[in-house]
Each structure stands twice: as C-alpha cells, then as structure tokens.
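Inspection log for the structure reproduced underneath, given as structure tokens.
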Amino acid sequence: MLSANASKNRILDLLTFSFFPIALILLWFLSTKFGWVKASIIPAPKTVKESLSYLLEKNIFVEDALCSLSRILKGFALGASVGIVLGVLVGMLPVVDNLTKVFIALFRPVPIIALIPLFILWLGIGEESKVMVIALGTFWALLINTIDGIKGVDKKLIELGINLGKSKKEIVKSIVFPAAFPSIYTGIRIGITSSIGFVITAEMIAASAGVGYRIMYARNMAMPGILFVGIIEIGLFGLVVDLLVLKLQKYLFRYR
Amino acid sequence: MGTIVQIKNVNKKFTIDGETKEILNDINFDVREGEFVSIVGSSGCGKSTLLKMIAGLESTIEGEILINDNAVNGPALECKMAFQEARLLPWRNVYKNIGFGLDKSVPKSERDELIKKYINMVGLNGFENALPKQLSGGMQQRVSIARALISNPNILLLDEPFGALDALTRINMQREILKIWKQENKTMILVTHDIEEAVYLSNKVVILSERPGRIKKILNIDLAYPKIRGSKDFAYYTKEIYKEFFEDSEHEIDYAI
C-alpha cells in the first residue's frame with residue numbers, strides 16, 4: 001500500500017515537474033504553426049533549429065560558447081581568489097576589517113553594469129574589460145560570503161582548539177577554514193551563476209564574439225532564430241552549471 | 001597525594017553593556033592529585049566560568065590559580081575539558097575527532113594505536129567512521145571525553161557533560177567516567193547542578209551560592225566506591241547539599257507570598 005502510494009507520488013511529482021516545460025514547448029509549436037504570433041517576434045521551432053544548424057556548420061556556435069566560457073573562467077578565477085583572500089583577512093584581522101569597512105559599504109551597492117563603460121574606458125574593448133566585469137561580480141560574492149563565513153565560526157570550537165593546545169595556525173586550518181567553507185561555497189555558487197549574467201551583459205555592450213555578442217548581432221540583423229538559439233543556450237548552460245554546483249555541494253557537505 | 005590545583009582568593013567580574021557584574025567572589029579551595037571534585041551551584045552562579053579559569057580560558061582574573069604550583073597564565077595544557085555540548089567537529093568522523101585531541105608532534109605510528117585504545121575505552125568500537133550527526137547525545141559525549149583524555153592530561157575538567165542526556169544514559173555515563181577515573185588515575189573536576197551526580201561521583205563537593213558565586217560549603221563525601229544511590233549514607237549527603245540550596249529559596253517563597 002505504502003509503496004503504491006510512493007510510486008503514485010513519484011508519478012505526480014514528475015507530472016507537475018514537467019508540466020510547464022512541456023506546455024511551453026507545445027504552445028510554441030502551436031502558436032507558430034497556426035500563426036498566432038508573427039514569425040519576426042517568435043520564430044518557429046523549425047527556424048530556430050535551422051539557425052542552430054547554420055551556427056554549428058560555420059563553427060560559430062562552439063567558438064562563441066568557448067569565448068564566453070573562457071571569459072567566465074578567467075574572470076571567476078581572478079575575482080574568486082582575490083575575494084577569498086581579502087575575505088579571510090577581513091574576517092580574521094580587525095585592523096583589515098576596519099580599513100575596508102568604508103570601502104565595502106561605498107562600492108558594493110554600485111551595480112556592476114554601471115561600471116562597464118568605465119572598464120571599457122580604462123581597459124579598452126578587448127578581453128580585459130569583460131574579464132574585469134566578471135571578476136568584480138565574483139569578487140563581491142566571494143568577499144561578502146567569506147567574511148560572513150569566517151566571522152560566523154562558532155567561538156566555542158575555537159575555545160576547544162585552544163583547550164586542546166592547538167597553535168593559531170592549526171586552529172585556522174582545522175577549525176576556521178572547514179567551518180567557514182560552506183559559506184565560502186555559497187559565494188562560489190552565487191559568483192559562478194551571476195558570472196553568466198555578467199559575461200552576456202558585457203558582451204552585448206562591446207565585443208566581437210561570444211554568446212552575448214551573437215544575441216546583439218542577431219537583434220541588429222533581425223534574425224530572431226539566432227537570437228533564440230542564444231537565449232536557450234544561456235538557459236541550458238545555467239541549468240547545467242547549477243546542477244553541477246548543487247551536486248558538488250551535496251557531496252562536499254554530506255556531514256551536515 | 002599532593003595538591004594539584006590551588007584556587008586562591010579568586011574573583012571574577014564581567015562587563016556587559018558597560019555594567020560590571022560580579023560573577024565569582026572570593027573563591028578558595030584546593031584539589032588533591034587523583035581527587036574527584038564536584039562544583040555544584042544553580043545556573044548562572046559562575047561555576048562554568050570557574051572551570052574555564054582553571055583551564056586558563058578566561059582572559060582576566062583576580063586572585064590566583066595554581067596548577068602544580070605554577071600560576072595559570074594562559075591555556076593550561078595539563079587540563080583538558082569535556083564541554084557541556086560535545087563540541088565535535090561536524091565534518092570529521094569519530095576516529096578523526098578523537099585524533100584531534102592528539103598533538104601533531106605524536107608520530108603517525110603511535111596515533112592509530114592511541115585512537116583505537118580510546119575508542120575502545122569509551123565503548124565506540126564499530127563507530128570509527130560515523131559522523132557526529134549520526135551519533136546520539138551520549139555517544140557524542142563519549143567522543144568528546146575520549147578526545148579530552150587521549151593526550152593524557154593530568155586533570156580532566158567536566159563542564160556538565162551529562163546535563164543534556166536522558167536519565168538512563170546519564171547514569172551509564174557516570175559509571176563509565178568513574179571507571180576511567182580509577183583506571184587512569186586522573187584528577188577530575190566536574191561542574192554540575194545535579195546533586196545526586198555530585199555525591200555519586202566525587203570525593204569532595206564545593207557548593208556555590210547564587211550569583212555572585214561564593215563558596216557556601218565544602219563537603220567531603222566519605223563513602224566507599226562504588227556508592228549505592230539508595231543507601232542511607234548516600235541520602236545523608238544529598239540532603240546536606242539540598243539544605244544549602246533550599247533553605248534560601250524557602251525564604252524567598254515566604255517573601256513572595
């Protein structure tokens with residue numbers, strides 16, 4: 001009885017879970033087939049498929065994807081490492097905390113998109129300005145979450161370390177870092193997800209390759225098929241990244 | 001047996017929101033080597049603070065605490081503590097949590113043997129790979145006690161480690177700690193508000209008043225181990241301690257009416 005109920009629930013879960021995606025795709029097919037919307041506004045699935053084949057054939061699809069991906073990775077690596085290092089220093093040293101308080105309070109609320117023109121002015125429209133945008137976005141996510149993580153370490157565990165005769169170095173290595181790691185990981189997760197948004201935005205403003213550039217190009221050329229390929233590509237990429245990050249999170253913090 | 005801990009004219013004040021609160025007032029007593037001493041008092045009387053002061057975990061104190069005739073001035077390595085909450089590292093399994101009690105200077109070859117010995121002592125064989133979240137409260141406390149003992153400290157400080165356990169587990173743990181006390185010849189200082197526990201475990205009970213904690217009485221428990229909880233003599237000592245607390249509160253109730 002119980003197992004019958006359980007499998008019934010699973011079927012219900014699957015149905016509710018897949019309801020919207022299926023309905024959306026169905027609606028897309030129907031509305032374009034029967035001409036409910038103009039093809040220039042929403043292209044037919046067939047058009048999108050043709051655009052995808054075209055992009056794949058000319059090797060543009062892979063090139064764009066790799067280009068955006070490499071920007072994400074470079075920016076993320078830079079921003080995350082600086083964010084974590086500074087976050088650890090702020091979290092552990094009251095002097096650094098005091099020194100940076102005004103700086104953080106002042107610059108953190110500035111939307112990164114507002115800084116893109118400045119980065120272009122400083123660094124040109126080459127790779128650097130786009131990498132910088134992503135790095136800065138990742139930096140804030142990692143900085144704030146690392147500070148929170150380090151400051152939030154249970155003082156009782158540190159007291160335990162002292163009682164056990166551990167050196168400062170050992171306490172940091174064996175208690176502070178492992179205890180702060182879940183919070184730092186949250187920063188990594190936020191950083192990597194928002195990186196996708198930042199790279200697209202930066203590429204839409206100034207670039208000559210990349211998924212964001214391709215979307216802007218498609219708009220200028222009035223090619224909604226290509227535009228849709230880009231949007232779906234970003235969505236799927238975000239989905240895969242999020243799944244991987246969540247899977248890793250479950251594995252890393254299985255002790256919780 | 002010589003004196004191992006001396007507490008001389010100790011006072012302690014905390015400043016909370018600019019207001020100075022007296023926590024402990026004029027505490028004096030000695031603990032002899034190998035003795036089991038309990039400090040009994042109601043919550044908030046400063047008994048845990050006193051224990052932390054012995055361990056050198058409190059920054060400022062007035063007066064003097066000596067361990068083996070040396071003034072405590074910073075973390076006292078002769079004292080290891082079993083805290084009220086087991087304070088296990090949640091990301092480490094039982095084996096590694098107990099191993100955390102060892103100094104890193106202990107060579108790898110000895111480590112494994114020592115850890116196994118203490119896992120055995122606290123009866124956790126088969127749970128080496130279990131994570132803290134998979135353990136019951138009593139088992140977590142066993143890990144915590146093994147971790148404190150593994151470095152072979154002279155003094156084991158017990159800060160109400162059985163306070164959060166159910167009655168049956170508590171009685172079991174009390175028996176185990178007595179067994180370890182006899183086997184290992186340690187000096188043990190226990191903070192508790194459980195009067196029966198204090199009588200059952202200790203040679204000597206230090207009774208503290210409500211805040212600010214002052215010593216009301218020091219009672220030697222002249223009973224042979226293992227003590228029998230139902231016995232007349234046992235009841236005599238528990239009554240002696242009860243009296244110290246409930247005479248006062250009866251007066252308070254009178255006033256309240």
**Request:** For B:K204, list long-range residues whose amide hydrogen, built 1.01 Å from N in the peptide plane, is under 5 Å from its own amide hydrogen.
**Result:** B:F36, B:S38, B:I221
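Provide the per residue accessible area, probe 1.4 Å, for chain B, rounded to a whole number of square angstrom.
Working: 12310 Å² over 257 residues.
That works out to 48 Å² per residue.
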**Prompt:** Using a probe of 1.4 angstrom, how much of the accessible area of chain A is carbon and sulfur, in percent?
**Reply:** 73
**Request:** Would you give the gap between the C-alpha center of segment A:35-60 and the C-alpha center of segment A:62-120, rounded to a whole Å?
**Result:** 37
**Item:** Local net charge near B:L114, Cβ-Cβ under 12 Å (Lys/Arg +1, Asp/Glu -1)
**Value:** +1
**Request:** Note every residue of segment B:14-60 with a reduction of at least 10 square angstrom in accessible area, all protein chains present versus the isolated chain, computed with a 1.4 Å probe, or write none.
**Result:** B:K52, B:L57
**Asked** For A:Q249 and A:T193 in one chain, what is 0.36 nm times their gap in residues minus the Cα-Cα distance, to one decimal in nm?
**Response** 18.7 nm
**Prompt:** In segment A:128-168, which residues give up 10 Å² or more of accessible area once the other protein chains are added, compared with their chain alone (1.4 Å probe)?
**Reply:** A:K156, A:L157, A:E159, A:L160, A:I162, A:N163, A:L164, A:G165, A:K166
**Asked** Taking K and R as +1 and D and E as -1, what net charge do the other residues with C-beta under 15 Å from the C-beta of A:R214 add up to?
**Response** -1
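How would chain B be classified by its alpha-carbon gyration tensor: rounded, prolate or oblate, with rounded meaning a/c under 1.5 and the a/b versus b/c comparison settling the rest?
Details: a/c = 1.69, a/b = 1.39, b/c = 1.21.
Verdict is prolate for chain B.
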**Distance between modelled label sites at A:L239 and A:E128, nm, 7 Å Cα→Cβ extension** = 3.9
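Which whole DSSP H helices in chain A pass both tests: a Cα extent of 24 Å or more along the axis and a mean Kyte-Doolittle value no lower than 1.0? Can you show the working numbers first?
Working: long enough: A:2-33 (45 Å, 0.96); A:60-92 (47 Å, 1.60); A:127-151 (35 Å, 0.82); A:177-205 (40 Å, 1.14); A:224-252 (42 Å, 1.66).
Those that pass (Cα extent of 24 Å or more, hydropathy at least 1.0) are A:60-92, A:177-205, A:224-252.
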**Request:** Show that you can apply the helix-only estimate: for the protein assembly as shown, add -39,500 (n - 2.57) for every DSSP H stretch of four or more residues, divide by all residues, and state [θ] at 222 nm to the nearest 500.
**Result:** -19500 deg cm²/dmol
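For segment A:44-252, what is the accessible area per residue in Å², given a 1.4 Å probe and the full set of protein chains? Show your work: numbers first, answer last.
Numbers: 10930 Å² over 209 residues.
Computed with neighbouring chains in place, this is 52 Å² per residue.
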**Request:** Grab the other residues whose beta carbon is less than 15 angstrom from that of A:G152, score K and R as +1, D and E as -1, and report the net.
**Result:** +1
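Taking only C-alpha pairs under 8 Å that are 6+ residues apart, what is the relative contact order of segment B:88-152 in percent? Kindly include the intermediate steps, with their values, before the conclusion.
Numbers: 72 pairs, mean separation 34.7, N = 65.
Normalised by residue count, the contact order of segment B:88-152 is 53 percent.
Enter the buried accessible area of the B/A pair, total of both sides, probe 1.4 Å, in Å² rounded to the nearest 100.
Details: alone 13230 and 16320 Å², together 27620 Å².
Summing both sides, the interface buries roughly 1900 Å².
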**Asked** To the nearest 10 degrees, how steeply does helix B:137-149 sit against the main Cα axis of chain B, on a 0 to 90 scale?
**Response** 80
**Asked** In segment A:231-256, which residues become less accessible by 50 Å² or more once every protein chain is in place, relative to the chain on its own, using a 1.4 Å probe?
**Response** A:Y255
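The values are calculated or read from the model by the stated rules, or taken from the named source; none is laboratory data. The structure presented is a predicted model; accordingly, all values stated were derived computationally and were not measured. Every residue, glycine among them, receives a Cβ derived from its backbone with ideal geometry; neighbour counts consider all protein chains shown. These accessible areas exclude ligands, DNA and RNA; they are computed on the full protein's heavy atoms, side chains included. Shrake-Rupley method; radii C 1.70, N 1.55, O 1.52, S 1.80 Å.
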